[in-house]
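Asker: The structure follows.
The values are calculated or read from the model by the stated rules, or taken from the named source; none is laboratory data. Treat the numbers as computed from the prediction; the structure is a model and nothing was measured. Neighbour counts run over all protein chains shown; Cβ positions are idealised from the backbone, glycine included. To get the accessible areas, we keep the full protein, side chains included, count just its heavy atoms, and leave off ligands, DNA and RNA. Shrake-Rupley method; radii C 1.70, N 1.55, O 1.52, S 1.80 Å.
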Amino acid sequence: MPPADYSVRGSVAAITFSNPPMNTMAHALRVALRERLQQAFADPAVRAVVLIGAGRAFCAGAEIREFDSPLSVASPNLRELIALIESSAKPVVAAIHGFAMGGGLEFAMGCHYRVAAPAAQLALPEVKLGLLPGAGGTQRLPRALGAERALGMIVSGDPIEARSAAGTALVDAVVEGDLLDGAIAFAEALLAQNRPLRRLRDLAVNVANPGFFARERERLAAAHRGLPAPVKCVDAVEAAARLAFDEGVKFERRCFDELLAGGESKALRHAFFGERAVTKIPGIPEDTRIREIRSAAVVGAGTMGGGIAMAFANAGIPVKLLEANPEALDKGMAAIRRNYAATVARGKLTQAEMDKRIARISTTLAYTALRDADIAIEAVFEDLQVKKQVFTVLDDVMKADAILATNTSTLDVDAIAASTTRPQAVIGTHFFSPANVMRLLEIVRGAKTSNETLASVMKLAKMLGKTGVVSGVCDGFIGNRMVERYLQQAFFLLDEGALPQQVDRALQDWGMAMGPFAMSDLAGNDIGWHIRKRRAIERPEFAYSKIPDRLCELGRFGQKTGSGFYRYETGSRAPVPDPVVDKLIEDYRAEARITPRTIADGEIVERCIFALINEGARILEEGIALRAVDIDIVYLAGYGFPRYRGGPMFFADTVGLGNVIAAMEKYRKGYHGECWTPATLLAKLCAEDKAFT
């Protein structure tokens, strides 16, 4: 189909524009639209124009890949197209189906009238990329809906259904049947009634509450620390209320340009494209067979196994849950029911839907009951010999084309695969707790994992609503291998003079969703203790603080025991600083003859984050991660890394690799300086003045 198809019905020209799959406003489409609009405006037989998108959507917005290129501003830009429409003496009607997002909705608001399919989605989501609408959206939407409702749409970026705006100046009519036919009929009615042209720019902005903008500015500044875009949205909508339209548009554009050049938007755009890039695996042919996953099995009904079973049930996939004894199975199902019930109590799920999801989970004590499942995921205790035993049994009972997956977070997937006769069907699926909530799924490709198995599990990740990222086999894969270095520095900071609450506060103020000690308490300190015991045998050269082990020796495993690095009140997850921990730390320092010093928050952040970056560089040079962006997405989706910083490797580029190495050289002269040898890749890129991303 051409970019803009043109036809005339009676006195109405229909322009159907196409840029598959979502009709984004790429430069070529803008050129075609201008030509067709000029053709319609010049034809004396045409008295009205209807604009409609081909395929799945009206228009999903700007072509984001053109943002940093000359094409983004090449004529005609979106503002010029809108000006062309607004200057027309003939009515132009936008016919909206599917989506009208961002620049697509701005384009529609530049038309004189808008009709829509009832369920069409309307949104200005630019804030999610650290931006605000840049083609008059912050000026026209308040004129269509009023300041309060418009600002709510703009600062959330979330869509509304067209039917919910019916009767406002945003949606003049909802069309139940064929949209093009309905839009043409609407245009003919305009002509028959001789209705005047209506431009949103000419309407007044209704502000119901004069104190609204000040309150929203304060609220959004607190709720979105580190993100300037939400507050800028308030500024722009307030400008719509107090300035003439053309002045408001100029103000909006200045705000847009400032945000576009800012680091936050660059990071958010990096994340946006990164989430798409990680789905593309080099070397996997496009015609690779993908197995259909219609049923699943999970071995182990503990916290992880129950969460994984819920993830399948939530996606509509029947799952069998296996345990070794009835008591463990009953306990696991009780936890699943409690989790679903809590979601119902919060109003996030209906009781009827809860019942449907629980019905998709069946239980068994016999491996033979799993034989027909398309995939079996092992989620038993993190012990290599135990997992090998499970896989030996699965290999024996599962059907020939089933995928065998391990939920290990650190262990050797190749060693597990070697316990089967089908290593090509074995893969790691490292879910993150709670598995029914967390978005990240590390997909660990073994040495013999087939392309078919890998591609099938990547598709499964999408079915489960997960962000799947491929990792190679190593101890801890991408995420946990890096976080070990992060925690190593956090623990050393306790040795040297910091307390858990200072370290956590510094990193949370920097943007991390949770500090390392609150995170350890949530995950369970006994897990790290178990790994450190193994490390003492496998890697005796790896240095640790003794403080976390001393903590575990007291039975302080975190939230599940009511105490860890913090104490927890009954029924609360809020960490409370505990003098017992302070005393334990003081005693250890005295025993180790360490004189505590005052440690600045800046040093805390640098040491923890730069340790992540350095280990990420090693993972890249070893080929464990395919690309730097894969590491970034792991940390954005699974470890609470601030999205507006783009991930550890993107952040390293932002800081400058030379500055990262300079800081590491400084820390090499300090406590356990042997940890600060720069990775070969990091040093090489720095020397060549290159970047990770």
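Asker: Could you name the lysines in cross-link range of LYS331, using Cα to Cα under 16 Å and dropping any fewer than eight places away on the same chain?
Answerer: LYS320, LYS560
Asker: Quick check: residue separation of ASP475 and LYS546 times 0.36 nm, minus the Cα distance between them. What number comes out in nm?
Answerer: Contour length minus the Cα-Cα distance gives 23.4 nm.
Asker: Rounded to the nearest percent, how much of the accessible area of segment 505-610 (1.4 Å probe, protein heavy atoms only) is carbon and sulfur?
Answerer: 55 percent
Asker: Please state the shape class of segment 441-547: rounded when a/c is under 1.5, otherwise prolate if a/b exceeds b/c and oblate if not, all from the C-alpha gyration tensor.
Answerer: Values: a/c = 3.10, a/b = 1.63, b/c = 1.90.
Verdict is oblate for segment 441-547.
Asker: Working from Cα positions, state the angle (0 to 90°, nearest 10) between the long axis of helix 479-496 and the longest principal axis of the chain.
Answerer: Here the helix axis deviates by roughly 60 degrees.
Asker: Cα to Cα, under 24 Å, and not fewer than 8 places away if on the same chain: which lysines meet these conditions relative to LYS266?
Answerer: Answer for LYS266, where 24 Å is the Cα cut-off: LYS128, LYS232, LYS250, LYS280, LYS466, LYS690, listed by chain and number.
Asker: Which pairs, out of LYS387/LYS684; LYS546/LYS669; LYS348/LYS459, put more than 30 Å between their alpha-carbon atoms?
Answerer: Values: LYS387/LYS684 39 Å; LYS546/LYS669 21 Å; LYS348/LYS459 26 Å.
As for pairs spanning more than 30 Å Cα to Cα, those are LYS387/LYS684.
Asker: Once both axes come from the Cα atoms, what is the angle between helix 525-538 and the longest principal axis of the chain, in degrees from 0 to 90, rounded to 10?
Answerer: Approximately 60 degrees, to the nearest ten.
Asker: Running Debye on segment 498-613 with equal point scatterers at the Cα sites and no solvent, what base-10 log of I(q)/I(0) appears at q = 0.09, 0.13, 0.18 Å⁻¹?
Answerer: Taking Cα atoms of segment 498-613 as identical point scatterers yields -0.25, -0.54, -1.07.
Asker: Express the accessible area of segment 296-376 per residue in Å², computed with a 1.4 Å probe while the remaining protein chains stay in the model.
Answerer: 46 Å²
Asker: At 1.4 Å probe size, with the rest of the protein present, what percent of the exposed accessible area of segment 162-287 is carbon and sulfur atoms?
Answerer: Roughly 52 percent of what the probe reaches on segment 162-287 is carbon or sulfur.
Asker: Taking the Cα atoms of the chain, what is the range of coordinates along each of the three principal axes, in descending order and whole Å?
Answerer: 89, 60, 52
Asker: Follow-up question, since we're still on this one. Going by accessible area, probe 1.4 Å, with all protein chains left in place, what is the ranking of TYR113, TYR639, largest first?
Answerer: Values: TYR113 10, TYR639 30 Å².
These residues rank, largest area first, as TYR639, TYR113.
Asker: Are there GluC sites (Glu not before Pro) in segment 274-348 that DSSP puts in a loop and that have at most 10 other Cβ atoms within 10 Å, and which ones?
Answerer: Those satisfying the criteria are GLU286, GLU292.
Asker: Under a 1.4 Å probe, what is the accessible area of segment 77-173 per residue, stated in Å²?
Answerer: 23 Å²
Asker: Which log10 I(q)/I(0) values does segment 234-288 give at q = 0.18, 0.24, 0.26, 0.30 Å⁻¹ under the Debye formula, counting every alpha carbon as one identical point scatterer?
Answerer: With no solvent term, the Cα-only Debye profile gives -0.71, -0.90, -0.94, -1.05.
Asker: Roughly to the nearest percent, how much of the accessible area of segment 294-450 is carbon and sulfur, given a 1.4 Å probe?
Answerer: Reported share for carbon and sulfur atoms: 53 percent.
Asker: Turning to a different aspect of this structure: Just flag the trypsin sites (Lys or Arg not before Pro) in segment 230-316 sitting in loop per DSSP whose Cβ has no more than 14 other Cβ atoms within 10 Å.
Answerer: On the way: sites: LYS232, ARG242, LYS250, ARG253, ARG254, LYS266, ARG269, ARG276, LYS280, ARG289, ARG291, ARG294; in loops: LYS280, ARG289, ARG291, ARG294.
Sparse-neighbourhood loop trypsin sites (Lys or Arg not before Pro): LYS280, ARG289, ARG294.
Asker: If you don't mind, there's one more thing I want to ask. Could you report segment 414-536's accessible area per residue, 1.4 Å probe, as an integer in Å²?
Answerer: Values: 3710 Å² over 123 residues.
So segment 414-536 comes to 30 Å² accessible per residue, rounded to a whole number.
Asker: Right, another one. Let me have the 222 nm mean residue ellipticity of the chain computed from DSSP H runs of 4+ only, each contributing -39500 (n - 2.57), with the sum over all residues rounded to the nearest 500. Working shown, then result.
Answerer: Working: 27 runs with 327 residues, N = 693.
Result for the chain: -14500 deg cm²/dmol, rounded to the nearest 500.
Asker: What distance in nm lies between label points placed 7 Å from Cα along the C-beta direction at SER572 and ALA600?
Answerer: Label at SER572, label at ALA600, 3.4 nm between them.
Asker: Here's another thing I want to ask about it. Between ALA166 and ALA342, what FRET efficiency comes out of the Förster formula 1/(1 + (r/R0)^6) with R0 = 35 Å and r the beta carbon distance, rounded to 0.05?
Answerer: Values: r = 36 Å, r/R0 = 1.02.
E between ALA342 and ALA166, to the nearest 0.05, is 0.45.
Asker: Mind checking segment 582-636 for chymotrypsin sites (Phe, Trp or Tyr not before Pro) that DSSP puts in a loop (not H, G, I, E or B) and that have at most 11 other Cβ atoms within 10 Å?
Answerer: none
Asker: Now a separate question. For LYS388, list the aspartates and glutamates whose Cα falls under 14 Å from its own Cα; do not include residues on the same chain fewer than 8 positions away.
Answerer: GLU378, ASP396, ASP412, ASP414
Asker: What is the helix-to-structure angle for 579-591, meaning the angle in degrees between its Cα long axis and the longest Cα principal axis of the chain, kept from 0 to 90 and rounded to the nearest 10?
Answerer: Approximately 50 degrees, to the nearest ten.
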